[in-house]
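Notes for the one structure printed next.
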Amino acid sequence: MVEAAASQDEALERAYARFWPRVRAVYIDAIILLLVMAAGLVIATSIKANSVARAVGFAVAAFWLLYEPIMVAFAGGTIGHLRTNLRVVDDRTHGNLGLPKAFARAVIKALLGLPSFVTMLVTRRSQAIHDLITGSTVQVRDFSRAAPSLYIRERAELAGAAMPSVGRRVVFILGYALVATVLCFLLVGVLADVRLISAACVDQDRCTYRDDLILYSVVIGWFAAFLAVLLLGWRGKLYGCRLHRPG
């Protein structure tokens, strides 16, 4: 009983990073990688020897490949993570990720890019896709330097008995997303009928600047609606699939 209570208190003390601190960490790391590549190019072009150029190219490629996995495995995060007061934590051990997991996490994040972070909106511990797959979380490293607006506690309500089942939420999210998609296509049709989008754009894909601007606005609106449906649906706030509140 005492151990269970202590474990629960420890879980409550954990704080999980929000989206913007993690994006800042990504940008810092991207700048570091670009600087290393630029330095490699300068060295390779300054020293006119093929063997040196090949060695520099190999070293830069190795740095790009190994930078994040090694830093995450041995330091708990990259320089970007350290600068933004974050730490990558193994969910099972609550320590640093092992090197194989850290390498897999880096590869998945690189392949998916920013869309990988969308699931942070709907997961209990603000996990991106690459976190979920590798069983990791990104947590605050030092609370004395952490503003409350930059992290969340575990969203316990997402696992409560009053929450609709995962299957039901997924079905309703897909249903609402389908409705939003159909409405967007109908909107494009209406805009074409009233000549706000040219017939040449609809029939021959010959779009003017105004046509492109309107279509991009519709796509952005659809994406915003999809994110809203995903967020509200997973939290049990869509009509027909709501969190049951007693009383």
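Some points to look at:
- Meets criteria (aromatic (F, W, Y), under 22 Å from A15 (Cα atoms) and either buried (at least 16 other Cβ atoms within 10 Å of the Cβ) or without any contact (Cβ under 8 Å) to a residue 12 or more places away in the chain (or both)) for F58: no
- Residue within region 101-116 that is among the basic types (K, R), surrounded by 18 or more Cβ atoms within 10 Å (Cβ to Cβ), within 15 Å of the chain's Cα centre (by Cα) and in a helix (DSSP H, G or I) present: yes
- Filtered residues of region 76-100 (kept if out of contact with any helix residue (DSSP H, G or I) (no Cβ under 6 Å at 6 or more places or on another chain), under 16 Å from A30 (Cα atoms) and either crowded, with 19+ Cβ neighbours inside 10 Å or not hydrophobic (A, V, I, L, M, F, W, C) (or both)): G77
- Scan of region 194-247 for residues that are basic (K, R) and without any contact (Cβ under 8 Å) to a residue 24 or more places away in the chain, ordered by number: R195, R206, R210, K237
- Candidates are the residues of region 118-133 that are surrounded by fewer than 19 Cβ atoms within 10 Å (Cβ to Cβ) and out of contact with any Leu (no Cβ under 9 Å at 6 or more places or on another chain); the one that is nearest to F19 (Cα to Cα) is L132.
- Residue list for region 170-227, restricted to those being loosely packed, with under 15 Cβ neighbours inside 10 Å and of a type in the set (S, T, Y): T181, T208, Y209, Y216, S217
- Any hit, region 148-158, residues being in contact (Cβ under 8 Å) with a residue 12 or more places away in the chain and of a type in the set (D, E): yes
- Only a single criterion out of (1) assigned to a helix (DSSP H, G or I); (2) more than 28 Å from the chain's Cα centre (by Cα); (3) at pLDDT 85 or above is not satisfied by V202, namely (3).
- T137 falls short on exactly one of the conditions (1) modelled with pLDDT of 90 or more; (2) under 23 Å from F19 (Cβ atoms); (3) assigned to a helix (DSSP H, G or I), and that condition is (3).
The values are calculated or read from the model by the stated rules, or taken from the named source; none is laboratory data. Source: prediction; values computed, not measured. Neighbour counts run over all protein chains shown; Cβ positions are idealised from the backbone, glycine included.
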